[in-house]
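The next block holds one structure in the form of structure tokens; read it before the comments.
The values are calculated or read from the model by the stated rules, or taken from the named source; none is laboratory data. Being a predicted model, the structure only gives us computed values, none of them experimental. Positions of Cβ are generated from backbone atoms using ideal geometry, with glycine treated the same way; all protein chains shown enter the neighbour counts. Calculation scope for accessible area: heavy atoms of the full protein, side chains included, ligands and nucleic acids excluded. Shrake-Rupley method; radii C 1.70, N 1.55, O 1.52, S 1.80 Å.
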Amino acid sequence: MADGECALNSEALSSINKAIRKYGVSARGEIVATLSWMLFESGNWVYNINHFPGNIGQGTRTMMTWEYVAEYAKTLHPDAYAKALGSGDVSAANNSTKTDVIDLVLNNDDSFGSGFWYLTTKAASFHGNANSLRDGNKADFQKYVEDGIVTTWTTEREDVWTMVNSAIVF
């Protein structure tokens, strides 16, 4: 386990509920998709930063890449972000700067909120769309993984989605 990164479901629950309200995500399919993504990427809430292969600046419970982490941190903590990054270019940030910026969003509320922020801002065509992330629709989740999150669909992701889908009751 990663020191100080592991969270219990009971610790995650409050932050997840806050994020659902904050970002206006109410559709069960969207919530299941976001929780499945975060649960998979964080290794069941064990990791909050990337350890494998160890990309500095990559993290939150979604394991967003540095560019998204920087944008998320800038959105939530503009003053602290500006202090950490200065006038520098995100793409030219050194590892120390990346660490300073990601530290802004590793608290539970921000980290567990990252997937909901991403859904509503970076993959907005999947949010509130009657034809996307429909309740209980695995094919919709696969499309979100491949075209919204832009990563590879695997049976392991499918297994996590199946577990979350069967556990979340509205």
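Evaluate the distance, in nm, between pseudo-label points positioned 7 Å from the Cα of D159 and of N95 along their respective Cα→Cβ axes.
Spacing of the two 7 Å Cα→Cβ label points: 3.2 nm.
Using modelled amide H (1.01 Å from N, peptide plane; none on Pro or chain starts), what sits under 5 Å from the amide H of M64, excluding residues fewer than 5 places away?
G59
What's the lysine pair count for the chain at a Cα cut-off below 23 Å, pairs eight or more apart or interchain?
Within the chain, the lysine pair count is 11.
For helix 28-41, report the angle its Cα long axis makes with the longest principal axis of the Cα atoms of the chain; keep it between 0 and 90° and round to the nearest 10°.
Here the helix axis deviates by roughly 50 degrees.
In whole Å, what is the distance between the alpha-carbon centres of the range 72-133 and the range 149-164?
22
Obtain the radius of gyration and the Kirkwood radius of the range 96-153 from its C-alpha atoms and give Rg over Rh.
Working: Rg = 13.9 Å, Rh = 12.8 Å.
When Rh is taken as the Kirkwood radius, the ratio is 1.09.
What angle do you read, to the nearest 10 degrees and between 0 and 90, between the alpha-carbon axis of helix 155-167 and the longest principal axis of the chain?
The angle comes out at about 70 degrees.
With the cut-off at 17 Å, report for the range 1-90 the share of all Cα pairs above it, as a whole percent.
Values: 2285 of 4005 pairs.
That tail contains 57 percent of the Cα-Cα pairs.
Could you work out the relative contact order of the chain, using alpha carbon pairs under 8 angstrom and six or more residues apart, expressed as a whole percent?
Numbers: 217 pairs, mean separation 47.7, N = 170.
Dividing the mean separation by the residue count of the chain yields 28 percent.
What accessible surface, in Å², does a 1.4 Å probe find on L8, ignoring ligands, DNA and RNA and rounding to the nearest 10?
Accessible area of L8: about 110 Å².
Could you work out [θ]222 nm for the chain from helices alone, using -39500 (n - 2.57) per DSSP H run of at least four and dividing by all its residues? Round to the nearest 500 deg cm²/dmol.
Working: 8 runs with 90 residues, N = 170.
Counting only the DSSP helices, I get -16000 deg cm²/dmol.
Just round it to a whole percent: the fraction of Cα-Cα distances in the chain exceeding 24 Å. Please report the intermediate quantities before stating the final value.
Values: 4663 of 14365 pairs.
Pairs farther apart than 24 Å: 32 percent.
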